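**Student:** Questions regarding the structure given below will be posed in turn.
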Amino acid sequence: MTATNLENIITRGHYLVINKNETYLIHQISNKAILKLGRDVIDLKAAIGQPFSSTFKLEPLTDKKRHYTLVICNDNQARNQWSTNGSGTDNKLITDDSSSQLLSTDEIIALKESGESGQNIVERLLENSKTFQLKTEYAQEKYLKKKARKYCDYLTIFKPSIRLITDVLYKQQTLPKTIALRFDTLAQILCRVNLDPGGKYLLYENGSQGLLQAALLNQLHDNGCLVHIFSSTSEQNALRAVKAMNFSETKIKQMLTVSLDEILNTKNEDNIPAEKDEEDVPNFSDEKKRKSDEAYTQIKKKHRPITSTDGLNFIKSNKFDGLIVVCREEPNEFVKTLLPYLSLSRPFVIYSAYREVLVSMYAEFKMRRDVVFLRLTDNFMRYHQVLPNRTHPDVTMDDGGGFLFSGLFVAGTT
């Protein structure tokens, strides 16, 4: 079997994306191949060796409650179908109360714990519903989807992709510990930085769980390079998305890591006279010495450096094709420090969840002569339902796309 075919096969130790009842999660298959999903325990051994995008049915174990094993099935078997036997013309005769369902909660729980399949449980709910036949066709469809999502006993295993990982991390966001990057915002960042597969890029990221690193590595060719600049305030699971993409060791080596403190210290050593103490901290103005600003407090923090020597030397000896800054703290000082490492006429992109931070940067950068084509934008996305005679935008929408500030770095003029 070729290496390309192996990449499309579910194997131990690899990460995968599991879809159960339209709920997606990232999971790594361990040696035991056990998945705990809520109160359910699922044995994934049957999935090993199967191709990605396979659908499996959950078969309950007779000797253990809420323990399941997998049986591979095709899409037709996984597609739940129930007979509706007609529908009503409107819902005006339906009263929204708990008396419409004859089965009690205890009886439904007993059916599930007895090992009854999800298909049969939904059929029992339909048989004991006094209002289902009165619902319109559209209302019946919504009802069936809701019950299938709750009692469905099928799951699909997908190969991790940037789009899937972005959606999973976005729904699992824990503000303010992590940054919630929507997939359209990620696409805008990659577009604004004019990503070249063979280019060299600087990335300062803090809070996206490695989503930017994974997206950039996924697009870079073998001759491309990414330098990831981290700070002492980085989250614990900083490379979750990179690990989830199952990159090869060769691909991982294209990313070099450098501490921001090391870059600041190197720059300070170049600017400080020889007779000055090496441990002196840069003398910022009183206004910039705000204790609440992590951008300045981390300069004074003393921690054990874990910087790659190759990465620091690479920064000193190269100019880069783009700069991306995605962080939770105020990025103004970071951008000023990293801009000189760009080649001329190269783009930079800064993301922030707060408009005010980027508005002040925009006003300040408008006064500079070494940056042009400045743009400050707000991403807008709205889902639409596309169905026969029922096409319309969703009533609710997500406004958490954040804000982007971008421009070009050029030669300064006097």
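The values are calculated or read from the model by the stated rules, or taken from the named source; none is laboratory data. Keep in mind it's a predicted model, so treat the numbers as computed, not measured. Glycine also receives a Cβ, built like all others from the backbone with ideal geometry; neighbour counts cover every protein chain displayed. Accessible surface areas use protein heavy atoms only, side chains included; no ligands, DNA or RNA. Shrake-Rupley method; radii C 1.70, N 1.55, O 1.52, S 1.80 Å.
**Student:** Give the residue from Ser117, Leu102, Ala139 lying farthest towards the positive end of the charge dipole for segment 97-139; charges sit on Cβ (+1 for Lys and Arg, -1 for Asp and Glu) and the dipole is referred to the Cα centre.
**Tutor:** Ala139
**Student:** Under a point-charge model restricted to the Cβ atoms of Lys and Arg (+1) and Asp and Glu (-1), what is the dipole moment magnitude of segment 141-215 relative to its Cα centre, in debye to the nearest 20?
**Tutor:** That gives segment 141-215 a dipole magnitude of about 460 debye.
**Student:** For segment 138-195, with the dipole built from +1 on Lys and Arg beta-carbon atoms and -1 on Asp and Glu ones, taken about the Cα centre, which of Ala187, Leu155, Ile165 lies farthest toward the positive end?
**Tutor:** Leu155
**Student:** Next question, about the same structure. Using a 1.4 angstrom probe with every protein chain in place, what is the largest-first accessible-area order of Ser99, Ser208?
**Tutor:** Listed by decreasing accessible area, they come as Ser99, Ser208.
**Student:** Another question, then. Using θ = phi - 60° and the Karplus relation 6.51 cos²θ - 1.76 cosθ + 1.60, list the HN-Hα couplings for segment 60-67 in order, rounded to whole Hz, with x at every Gly or Pro.
**Tutor:** x, 7, 6, 8, 9, 7, 6, 10
**Student:** Then there is this: Can you list residues from other chains, or at least 5 along the same chain, whose modelled amide H is less than 5 Å from the amide H of Ser161?
**Tutor:** Distant-sequence amide H within range of Ser161: zero hits.
**Student:** Turning to a different aspect of this structure: Please list the non-local residues whose amide H lies under 5 Å from the amide H of Ile72, H modeled 1.01 Å from N, same-chain partners needing a gap of 5 or more.
**Tutor:** Under 5 Å from the amide H of Ile72: Lys57.
**Student:** Under a Cβ-only charge scheme (Lys and Arg +1, Asp and Glu -1), can you give me the dipole magnitude of segment 94-151 about the Cα centre, in debye to the nearest 20?
**Tutor:** So the dipole magnitude of segment 94-151 works out to roughly 280 debye.
**Student:** If amide H atoms are built 1.01 Å from N in the plane of the peptide, which residues on other chains or at least 5 residues away come under 5 Å of the amide H of Ile10?
**Tutor:** Gly49, Gln50, Phe52
**Student:** Let me ask something else about it. Taking just the alpha carbons, could you work out the radius of gyration and Dmax for segment 364-414, both in angstroms?
**Tutor:** Radius of gyration, then largest Cα-Cα span, for segment 364-414: 19.2, 63 Å.
**Student:** In addition: For the pair Tyr354/Asp184, report the inter-label distance in nm, with labels modelled 7 Å from Cα in the Cβ direction.
**Tutor:** Modelled inter-label distance: 2.5 nm.
**Student:** Could you give the distance between the Cα centres of segment 7-66 and segment 336-413, to the whole Å?
**Tutor:** Result: 39 Å between the Cα centres.
**Student:** Spelling out what I want: for every residue of segment 360-370, take phi, set θ = phi - 60°, compute 6.51 cos²θ - 1.76 cosθ + 1.60 (Karplus), and round to whole Hz; glycine and proline get x.
**Tutor:** Those phi angles translate into 5, 5, 4, 5, 6, 6, 5, 8, 8, 9, 9 Hz.
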